[in-house]
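Q: Once you've had a glance at the structure underneath, I'll fire off some questions.
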């Protein structure tokens with residue numbers, strides 16, 4: 001799994017690689033632990049809009065059947 005571009009100004013793409021998207025979802029959190037976004041992953045590459053968020057560091061969790069698979073640190077400029 002990869003997330004790009006990072007850092008970003010408006011959008012990141014979550015590419016799940018050889019994982020199946022069947023039971024995957026992502027959750028985006030700020031560093032205070034507040035959930036900003038959550039969505040089921042439908043395809044092998046998912047765009048995530050960040051343009052309305054303040055410049056900061058965010059954590060992107062990828063879950064499979066509600067179990068954490070990977071966490072990415074996203075830098076929003």
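Q: Within region 8-18, can one find any residue that is outside any strand (DSSP E or B), out of contact with any helix residue (DSSP H, G or I) (no Cβ under 9 Å at 6 or more places or on another chain), surrounded by 10 or more Cβ atoms within 10 Å (Cβ to Cβ) and at pLDDT below 95?
A: Filtering region 8-18 for residues outside any strand (DSSP E or B) gives 9-10, 16-18.
From what is left, the residues that are out of contact with any helix residue (DSSP H, G or I) (no Cβ under 9 Å at 6 or more places or on another chain) are 9-10, 16-18.
Narrowing further to those that are surrounded by 10 or more Cβ atoms within 10 Å (Cβ to Cβ): 9-10, 16.
If we keep only those that are at pLDDT below 95 as well, we get 16.
Yes, region 8-18 has at least one match.
Q: In addition: Consider region 60-77. How many of its residues are exposed (fewer than 11 other Cβ atoms within 10 Å of the Cβ) and part of a strand (DSSP E or B)?
A: Total meeting the criteria: 2.
Q: Can you confirm whether region 51-59 contains a residue that is closer than 14 Å to residue 69 by Cα, within 10 Å of the chain's Cα centre (by Cα) and either modelled with pLDDT of 95 or more or not in a strand (DSSP E or B) (or both)?
A: yes
Q: Is it the case, given these coordinates, that residue 3 is over 17 Å from residue 77 (Cβ atoms), surrounded by 12 or more Cβ atoms within 10 Å (Cβ to Cβ) and within 12 Å of the chain's Cα centre (by Cα)?
A: Considered against the rule, which asks whether it is over 17 Å from residue 77 (Cβ atoms), surrounded by 12 or more Cβ atoms within 10 Å (Cβ to Cβ) and within 12 Å of the chain's Cα centre (by Cα), residue 3 comes out as no.
The values are calculated or read from the model by the stated rules, or taken from the named source; none is laboratory data. None of these values were measured; they are calculated from a predicted model. FYI the Cβ positions are ideal-geometry reconstructions off the backbone, even for glycines, and counts take in every protein chain you see.
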